[in-house]
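One structure is given below, encoded as structure tokens.
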Amino acid sequence: MSFRINTNVSALNATASVTANSRSLSTSLERLSTGLRINSAKDDASGLAIADQLRTQASTLGQAINNGNDANSLLQTADKAMDEQTKILDAIKTKATQAAQDGQSTKTRNMLQADINRLMEELDNIANTTSFNGKQLLSGGFTNQEFQIGSQSNQTIKASIGSTQSSKIGVTRFETGANITAAGAANLTILNYNGVDDFDFAEIQISYSVGTGVGALAEEINRVSDRTGVRASFNVTTTGLYAIQGGTTSTDFAINGTTIGAVKYEANDKNGSLVQAINAVKDTTGVEASLDEFGKLVLKSNDGRGIVVTSGNMGAGSGIVGGAMYNNYGRLSLVKNNGQDIAISGTGFGFSAGFISQASVSLRESKGTINAENADAMGFYAEGKGKRVITQNLAAFMSAAGSGFSAGSGFSLGSGHNYSVILADGAIFITAFSAAYNVSAGSGFSAGSGLSQNATIKASIFNVADQTAGVTTLKGAMAVMDIAETAIANLDTIRADIGSVQQQIEKTINNITTTQVNLKAAESTIRDVDFASESANYSKANILAQSGSYALAQANAAQQNVLRLLQ
């Protein structure tokens, strides 16, 4: 053993050990006090980089979860508003159903319509005022809106909320064909009823026998309406051209093959003989007679079979004149709960080219006056599209009171005015040219233009007219029922769409919540200190630090031995 004074190697070794132990002790204390294994890059450079990425991703997912919750709150606000709108539509349909029976007077129907108008106002008020954080939700502007729900850009969920205004929902398609004037087989096909396939109906006979006619055809259509989305109704009604003037039917006068015989009747059928005679056999013929408010004779088939007057005539005084009106198989009306065209093909059901009234009507449009064309498409008229035709002697017709062509009318025979002939269901309608066509000055079809034959025919020629609003008429009430049903279906579709988005958001939130937990767990594994292990390290470092200090003291004390050598 050597003794050195200038260089105490033992002390240097002890100092190095003490320094290292102090460093370990300091590191251990830092970890125990912060709870982190990595407090700076020198602790674990690669681990720090990974942990920082995991922390950023977890934090971003936390905000994404908040975004998703905000989106759900927004959509829930819209859904609750639409829930109230659904209740309003239920009330509208209920009131329309209440009005759809002839026990209601004009006064009570007007009151019901006033209630419906108020309900529609509130429906639109909800649509126009429902908002979230200042953003309109139900007015139609909320389309393709994106919500960032992910840790990377463009990881979004898109949502759209359709307009719930009364002008946008409830758009219902109405189509009504012309009068069917000939018996035969009706073959009907609804084209692309589900967007792909055609639906062929069984052949239905159009006649006046029981179980035939447009009534049987409508029944067949309605049987599968849940598949095709198309429902049908019918109207088989023959109305006289003018009030009953008195006369006698021939002895072979018959309706639908049942002989009624000679019946003498007075003007306006004052004693009811004509109506009673017809109704006496209504259970056999299926045809019921009545008088309208103008004193005209009305023949109606309630089950949809045809009305065929044969073997003689009813007498000119009945107001039903002309061979074409002796064969009436009615009109078929179709309705579809959306604004799409009802694509059909076939023959024998009155939807021939040029004789289809069609319109798409919204809930708001039912609130105001229903124009003549829409009313005809809705099936308001039993004799629209030119059914009222004249085949009797022209001079006799034009001289008859109420014809519009009698002496003094300015359009009587010899007046020099032009007349036109309009083809209608194989018969002819004779009327003044200017009264039949839209040929006013500036129309491009005025006299001398050479284009008059191409002018549009006035609605009045088809015996149609504008109708009062909504449920103020029986047919209008039924139309409002259809439109309200469409509106409810449209609203349910919109709610279903946002409901599916809500479900998607919730599933996404659940997924990213799990991902966030796993990311934080992974970060914790890298960054956080294991207290059990680090406590052991601390105890070790602490003991070593103490023992190192003792060793250093002993190493310094060893130098004292040199002095003993010099004594």
Top-ranked residue in region 105-120 [being without any contact (Cβ under 8 Å) to a residue 60 or more places away in the chain and not small (Gly, Ala, Ser); ranked as surrounded by the most Cβ atoms within 10 Å (Cβ to Cβ)]: Leu119
Qualifying strands (runs of 3 or more DSSP E) (wholly inside region 146-264; at least 1 residues being of a type in the set (Asp, Glu)): 172-177
Tally, over region 248-279, of residues that are over 16 Å from Ile307 (Cβ atoms) and small (Gly, Ala, Ser): 6
Residue in region 91-102 that is modelled with pLDDT under 90 and either assigned by TED's automatic domain parsing to the domain that holds Phe234 or not basic (Lys, Arg) (or both) present: yes
Matching option when the condition is surrounded by fewer than 15 Cβ atoms within 10 Å (Cβ to Cβ), touching a residue at least 60 places away in the same chain (Cβ under 8 Å) and closer than 28 Å to Gly177 by Cβ, among Val214, Val210, Val230: Val210
Test: residue in region 70-86 that is in a loop (DSSP other than H, G, I, E, B), out of contact with any His (no Cβ under 9 Å at 6 or more places or on another chain) and surrounded by 12 or more Cβ atoms within 10 Å (Cβ to Cβ): no
Condition met for Ser139 (part of a loop (DSSP other than H, G, I, E, B), free of Cβ contacts under 8 Å to residues at least 60 places away in the same chain and touching a helix residue (DSSP H, G or I) at 6+ places or on another chain (Cβ under 6 Å)): yes
Single residue of Leu299, Leu291, Leu241, Leu274 found to be touching a helix residue (DSSP H, G or I) at 6+ places or on another chain (Cβ under 9 Å) and over 23 Å from Lys475 (Cβ atoms): Leu274
Any hit, region 54-61, residues being assigned by TED's automatic domain parsing to the domain that holds Ser151, of a type in the set (D, E, K, R) and more than 28 Å from Val517 (Cα to Cα): no
Any chance Leu89 is crowded, with 18+ Cβ neighbours inside 10 Å, under 30 Å from Leu112 (Cβ atoms) and not aromatic (Phe, Trp, Tyr): yes
Candidate set: region 6-29, residues that are surrounded by fewer than 16 Cβ atoms within 10 Å (Cβ to Cβ) and over 22 Å from Ala555 (Cα atoms); chosen: the one modelled with the lowest pLDDT: Ser26
Which numbered condition Lys282 misses (of (1) modelled with pLDDT of 85 or more; (2) touching a Ser or Thr at 6+ places or on another chain (Cβ under 8 Å); (3) within 20 Å of Val214 (Cβ to Cβ)): (2)
Those residues of region 30-69 which are closer than 19 Å to Ile526 by Cβ, of a type in the set (A, V, I, L, M) and surrounded by 14 or more Cβ atoms within 10 Å (Cβ to Cβ), in sequence order: Leu32, Leu36, Ile38, Leu48, Ile50, Ala51, Leu54, Ala58, Leu61
Output for region 171-187, where each listed residue is of a type outside the set (A, V, I, L, M) and either more than 15 Å from Gly304 (Cα to Cα) or crowded, with 18+ Cβ neighbours inside 10 Å (or both): Thr172, Arg173, Phe174, Glu175, Thr176, Gly177, Asn179, Thr181, Asn187
Extreme residue, surrounded by the most Cβ atoms within 10 Å (Cβ to Cβ), among residues of region 269-307 that are over 48 Å from the mean Cα position of the chain (by Cα) and of a type in the set (S, T, N, Q): Ser273
Search result, residues across region 254-268 that are within 52 Å of the chain's Cα centre (by Cα) and either among the basic types (Lys, Arg) or closer than 18 Å to Phe294 by Cα (or both): Ala267, Asn268
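The values are calculated or read from the model by the stated rules, or taken from the named source; none is laboratory data. Keep in mind that what you see is a predicted model, and the values were worked out from it rather than measured. Here the Cβ is made from the backbone with ideal geometry for all residues, glycine too, and neighbour counts use every protein chain on show.
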